[in-house]
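J.: Let me begin by handing over the structure; questions about it come next.
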Amino acid sequence: MSENENKRKLPISVVRFGMGKEIQLYYDELVVTGIEEDQELRVQLEALRRLTLMPGEPTPSKLVLMADMDDDSTVILAEGMTNARDFREMLPKLTELCPDLELDPPDMAEQLRQALNNKRAWNITCYVACIMVCVLVYLLYLAVTFIGSLHH
């Protein structure tokens, strides 16, 4: 087996999302598996002109990844992609292999970073709010118990 065949078989980066769905980046192509049962979509990197990342409908956190090809066609690579962290890590590798690739939005990695930070901040806010509600209910219970013990 030659060195080129070894490079071909091992993906540079893999983004797993959903049940059995993943985006695999190879040296010469992008492969999306799990689109339909036992199917995969292969896109040659040299044919990629632009990658577009959009929020999904009706759930904005489930991203839609589309590719504009050099033959003026557009292919939906992934619908419902939820693994923004791994996709963000794949972007520099992809742009290194395809230096002429346009990204839409142009600061895609930065927007994904901000989205991840917003999600983390929202989760922390929710956890703190739940803890505060529990503490407030406990303090209310203690107050009612104390007032009840004074009247007896």
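The values are calculated or read from the model by the stated rules, or taken from the named source; none is laboratory data. From a predicted model like this one, the values you see are computed outputs, not experimental measurements. Heads up, the Cβs are rebuilt from the backbone with ideal geometry, glycines too, and the neighbour counts pull from every protein chain shown. In case anyone asks, the SASA skips ligands and DNA or RNA and just uses the protein heavy atoms, side chains included. Shrake-Rupley method; radii C 1.70, N 1.55, O 1.52, S 1.80 Å.
J.: Which residues, taken from region 69-94, are part of a strand (DSSP E or B) and either open to solvent by 30 Å² or more (accessible area, probe 1.4 Å) or without any contact (Cβ under 8 Å) to a residue 24 or more places away in the chain (or both)?
T.: Thr74, Val75, Ile76, Glu79 - these are the residues of region 69-94 that are part of a strand (DSSP E or B) and either open to solvent by 30 Å² or more (accessible area, probe 1.4 Å) or without any contact (Cβ under 8 Å) to a residue 24 or more places away in the chain (or both).
J.: Can I ask one more? In this structure, is Leu101 out of contact with any Pro (no Cβ under 9 Å at 6 or more places or on another chain) and open to solvent by less than 40 Å² (accessible area, probe 1.4 Å)? Write out each step before concluding.
T.: Details: out of contact with any Pro (no Cβ under 9 Å at 6 or more places or on another chain): yes; open to solvent by less than 40 Å² (accessible area, probe 1.4 Å): yes.
Yes.
Residue-by-condition table, conditions (1) open to solvent by 60 Å² or more (accessible area, probe 1.4 Å); (2) at pLDDT 90 or above; (3) in contact with a helix residue (DSSP H, G or I) (Cβ under 6 Å, 6 or more places away or on another chain); (4) part of a loop (DSSP other than H, G, I, E, B):
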{"residue": "Asn4", "(1), (2), (3), (4)": "yes, no, no, no"}
{"residue": "Lys7", "(1), (2), (3), (4)": "yes, no, no, no"}
{"residue": "Arg16", "(1), (2), (3), (4)": "yes, no, no, no"}
{"residue": "Gln24", "(1), (2), (3), (4)": "no, yes, no, no"}
{"residue": "Tyr27", "(1), (2), (3), (4)": "yes, yes, yes, yes"}
{"residue": "Ile35", "(1), (2), (3), (4)": "yes, no, no, yes"}
{"residue": "Asp38", "(1), (2), (3), (4)": "yes, no, no, yes"}
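J.: Among all residue pairs at least 6 apart or on different chains, which show Cβ distances below 6 Å where the first residue, located in region 41-59, is under 17 Å from Met90 (Cα atoms) and the second is assigned to a loop (DSSP other than H, G, I, E, B) and among the hydrophobic types (A, V, I, L, M, F, W, C)?
T.: Every condition considered, the pairs that remain are Leu45/Cys98; Leu48/Cys98; Leu48/Leu101.
J.: Another question, if that's okay. Those residues that are at pLDDT 95 or above and either touching a Cys at 6+ places or on another chain (Cβ under 6 Å) or open to solvent by 100 Å² or more (accessible area, probe 1.4 Å) (or both), I need them from region 104-139; list them, please.
T.: Ile131, Met132, Leu136, Tyr138
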